[in-house]
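Written out below as structure tokens is the structure these notes cover.
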Amino acid sequence: MGWSLQDQKQRLGDRLTALMDHRRAIWLLFVASILETLIVPIPIETILIPWMVMRPEKRWRLATVALAGNLLAAAIGYGLGAWAMGQFGDQLIALFGGQQAFNDFDQRFSDNGFLAVLSIGVIPIPFQIAMLVAGSTSYAFPLFMLAALLARGARYFGLALLVHFFGDRALRLWKRHERTMMVVLVVAVVGYLIYKGVGMMGGGAG
């Protein structure tokens, strides 16, 4: 009997979860996060949440490692967009999400690149497409990385918070309400930044 893509993702996630007690587990998570960001359909939540539930004292470290792997992959993807799109653009677009997804995100990106990247996870566009568009349009690399940091940080540290409050029910809740939770987390991050920014400007004025 053939396995669906979702079944294959789940099986791969289960195998990686079983490696939680491996002495190089942190490095395995780092590599898994890089691969998930670039191309391999690893359901990182099905790795992170069980690890966080079983090792609650390490949940913030696990979130940090996953974020670090994601950001390294984001930098690689940006580089591909900047230096490889001219020669391999069609192949990269087909590999990372398709021409329609690329065109849709390119339009969003031209309106407001920072918010477009920040909204990844809320809108149904692969993060790989965001990397290619940002690189190919020569969008400011520090701003791209900042947006990726905030968007993906909200995802990974949001998972840690979910585990903190809901324990082993967190994975079930995430699977059922992923899009809603990402909206809440991104809005919370943006709201916090606005609050801090207003506070800093108020302090400076004083």
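Worth a mention:
- Sorting the segments 54-61, 134-141, 29-36 by their residues' average number of neighbouring beta-carbon atoms within 10 angstrom, most packed first, yields 29-36, 134-141, 54-61.
- 3J(HN,Hα) couplings calculated from phi for the range 55-72 with the Karplus curve 6.51 cos²θ - 1.76 cosθ + 1.60 (θ = phi - 60°) are, in sequence order, 10, x, 5, 10, 4, 6, 5, 4, 4, 5, 5, 4, 5, 4, x, 5, 5, 4 Hz; Gly and Pro show x.
Each reported figure results from applying straightforward, stated rules to the coordinates on display, with no laboratory input. Here the structure is a predicted model, which is why all the values come from computation and not from measurement. Heads up, the Cβs are rebuilt from the backbone with ideal geometry, glycines too, and the neighbour counts pull from every protein chain shown.
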